[in-house]
Structure formats: C-alpha cells, structure tokens
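A.B. asks: Structure provided below as structure tokens; questions to follow.
Nothing in this text is a laboratory measurement; each read-out follows from the coordinates by a stated rule. Since the structure is predicted, the reported quantities are computational estimates derived from the model, not experimental observations. A quick note on method: Cβ atoms are made from the backbone with ideal geometry, for glycine too, and the neighbour counts reach across all protein chains shown.
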Amino acid sequence: MRIRVVNPNTTESMTALIEANARAVTGPGVTLDAVTSTMGPASIESHYDEALAVPGLLAAITAGERDGADGYVVACFGDPGLDAARELTDAPVIGIAEAAMHAATLVGRGFSVVTTLARTRGRAWDLAARYTPAGACRGVHACDIPVLALENDPTVRRRVVDLARRALATDGSDVIVLGCAGMAGLCAAATAELGVPVIDGVAAATVLVQALLTLKVGTSGHGEYAPPPPKPYIGLLEVFNRT
Ligand SMILES: NC(=O)NC1=NC(=O)NC1=O
C-alpha cells in the first residue's frame, strides 16, 4: 500500500518532521512519501491561512491520484480541505485532528487538546464537535508558540508538557491530544512525563489509513464525496479545471 502524507503548509522542514513521525508507524508492505504543498501559507494559524492552504492540498491529492497513492493523510491539525480532498479520490483521506481525536475517545473518557496559538482553539473545538461525542473534548489549550517556532525553540517541550499537565488537572481529562503536526516529535517524551496517553495526529492518521486499507475500505463516491460536478474555474484557479 502506498500512503501519501500531505503537509498543506509550504515549509519543507515541517514536512521532514511529519514524514519521520509517519514513517515510524508504517507497517510491512507500506511505502510512504510525504509532500509539501507547492502553494499557500508557510504555516496555518488562522482561518485565512486555512482557506489559502486548500488549493495546494487539492493539487497534492490530484498528483497523488496520478502517482497511484492508495491513501492520504492531511497533516495539519485544522484538517483543511478534508471533505474537498475526499471528492477527488476513492482512497481513504484522514486528517490528523480527526485521527487523534477519534483515537483519544478509544483510550479515555475525556481528552484535552494542547495546540499552538490561542486563535486556533475555536477550530479545534469545532472539529471535536464534529468528530467526537459531546463531553469527550474537555478543553483546548494554547501554548502560544507559533507553528514555525516549534522546530527551533528549546523551551517548547517544557511549555507543552507543563500546559498538558495543567490541562489534565483543570479539565478532568485523561488523554492529551497534540494540536499541531509540528508537535509530533514531542509525543514519546510527553507520554513518559505525563503518564497518560498522548496522541500525535500524524502517527494516528498514518495508522488509521493503513487500517482502512487493510479493511479494504476507502472513501465512498456514492453521495456527498462523489467527484465534483464539472464546471469552469477561472482566474488563478483555472488550473483546477477537471475537464
Ligand atoms: N493548530 C495548528 O497550528 N496546526 C497547524 N498549522 C500548521 O501549519 N500545521 C499544523 O498542524
């Protein structure tokens, strides 16, 4: 099975981190490649960034269809363009927030999300409401570290773990979800320090795509995720014409 992990921002170094954490959970017979969006924001930290990340994501999915990918991971915690991506393929397409939050509900009664900027908390709450039962997400907490600072700020691990510890206490939760692909490298250390399941969505989504492929299930083209009806797209988006 061939899994394509898409970093919908345009920062190659983040893609390398994402790829390493995805590759760490690939099973036998799985080939994985990670790609960086060729257009859009350097990082995704606002609704504006989220909207402008979608064309690059869709271009990456289209390229994956050409290259024979069997499944996809959308490696940004806002799960940008997830539904649109599913209209382009019959392969499974899993977002990292989606995978992490679902996994969290399987191993605890309530989870807390530790994410980057406070302004992205609403998106995490919206996704939790979409993916999980009422009450499963107990809190969303921001460490106020910009996405691109996660890589090279030596205080990141301490700040994320301390915030997660406070979240467990204040939220009464028993699982932590890391709220950014750039936090993937913190998962093992945070798990060891906190003594609770800490879930990284990059790994969770990669495993879930493999699981779906093992079940031989992919995105249903029967209804809402059928290919988009043909129509002209003009201007900068002319390249997205699907004739
Ligand atoms: N909550 C987030 O900061 N999400 C993210 N922004 C990115 O650019 N990648 C992410 O995972």
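A.B. asks: Mind checking which residues of segment 185-213 are of a type in the set (Ser, Thr, Tyr) and in contact (Cβ under 8 Å) with a residue 60 or more places away in the chain? Spell out the reasoning first.
C.D. replies: Quick first cut of segment 185-213, residues of a type in the set (Ser, Thr, Tyr) only: 191, 206.
Passing the criteria: only 206.
A.B. asks: Continuing with the same structure: Within segment 66-82, how many residues turn out to be touching a residue at least 24 places away in the same chain (Cβ under 8 Å) and either under 19 Å from residue 120 (Cβ atoms) or of a type in the set (A, V, I, L, M, F, W, C) (or both)?
C.D. replies: Narrowing segment 66-82 to residues touching a residue at least 24 places away in the same chain (Cβ under 8 Å): 67-81.
Now drop any that are not either under 19 Å from residue 120 (Cβ atoms) or of a type in the set (A, V, I, L, M, F, W, C) (or both), which leaves 69, 73-81.
Counting residues in segment 66-82 that are touching a residue at least 24 places away in the same chain (Cβ under 8 Å) and either under 19 Å from residue 120 (Cβ atoms) or of a type in the set (A, V, I, L, M, F, W, C) (or both) gives 10.
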